[in-house]
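Below: the structure, in structure tokens.
The values are calculated or read from the model by the stated rules, or taken from the named source; none is laboratory data. Predicted model only: the values in this text are computed from it and were never measured. Note that we place each Cβ from the backbone using ideal geometry, even for glycine, and neighbour counts take in every protein chain shown. These accessible areas exclude ligands, DNA and RNA; they are computed on the full protein's heavy atoms, side chains included. Shrake-Rupley method; radii C 1.70, N 1.55, O 1.52, S 1.80 Å.
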Amino acid sequence: KITKAVTNTLKLTKPNGGESLTTGKVVPIRWGKGTGKVKIELLKGAKSALTIKASTPNDGAFNWKIPATLATGSNYKIRITSKTNGAVKDSSDKNFKITKAVANTIKLTRPNGGERLTTGKVVPIRWGKGTGKVKIELLKGARTALTIKASTPNDGAFNWKIPPTLTT
């Protein structure tokens, strides 16, 4: 009787290299579905930097929230290892990058609700100063009714003349 050999393999497909991932975000880790359980690790260089999950079903999918405290770098990989046979493993083909999330520093202070504004008048729009540029929009409900300024310095101040044609 001749039988076919069963090969135990793992094939990581995502993240597989070249990605730029951000701390605080959820990253889908994907590999070919199998049996048993696997260990998922984050490698920095050739060393294990973090055990993402010590034991999880070998179902081909795990969603990982990257810790906000994780050091940034460009030499990260994911490694999946069989819990049944430690020799069965696979890692990302190439390195990927982890960057820090940019904190949301925008805090609108004026107008902030309850004000009565008049068409044709100038309204000071104020927020906490930050870096880069911001887009200022007028919302009606949850929808954008008007782009007040597509791009302006994030300096915390913009004076907007309410168009006389704006619907009340």
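Identify, please: which residue in the range 54-72 is open to solvent by less than 20 Å² (accessible area, probe 1.4 Å) and not β-branched (Val, Ile, Thr) and is, among those, nearest to LEU21 (Cα to Cα)?
Only one residue fits best here, namely TRP64.
Considering only the range 4-25, how many residues are of a type in the set (S, T, N, Q), modelled with pLDDT of 90 or more and surrounded by 11 or more Cβ atoms within 10 Å (Cβ to Cβ)?
Counting residues in the range 4-25 that are of a type in the set (S, T, N, Q), modelled with pLDDT of 90 or more and surrounded by 11 or more Cβ atoms within 10 Å (Cβ to Cβ) gives 4.
Select the strands (runs of 3 or more DSSP E) contained entirely in the range 85-168, then report the ones holding at least 1 residues which are open to solvent by less than 50 Å² (accessible area, probe 1.4 Å) and without any contact (Cβ under 8 Å) to a residue 60 or more places away in the chain.
122-127, 133-140, 143-153, 157-161
When the range 86-130 is examined, which residues are found to be β-branched (Val, Ile, Thr) and either farther than 29 Å from THR23 by Cα or modelled with pLDDT of 90 or more (or both)?
Within the range 86-130, VAL88, ILE98, THR99, THR109, THR118, THR119, VAL122, VAL123, ILE125 qualify.
Please enumerate the residues belonging to the range 28-43 that are within 24 Å of the chain's Cα centre (by Cα) and modelled with pLDDT of 95 or more.
Listed by number, the residues that qualify are PRO28, ILE29, ARG30, TRP31, LYS39, ILE40, GLU41, LEU42, LEU43.
If you check ALA61 against the conditions, is it of a type in the set (A, V, I, L, M, F, W, C), closer than 24 Å to THR99 by Cα and at pLDDT below 95?
Taking the combined requirement at face value, the residue does not satisfy it.
Under 6 Å between Cβ atoms, at least 6 apart or on separate chains: pull out the pairs that start in the range 26-53 with a residue that is open to solvent by 70 Å² or more (accessible area, probe 1.4 Å) and end on any residue that is part of a strand (DSSP E or B) and among the small types (Gly, Ala, Ser).
Sorted first by the residue in the range 26-53, then by its partner, the pairs are ARG30/ALA61; LYS37/SER55.
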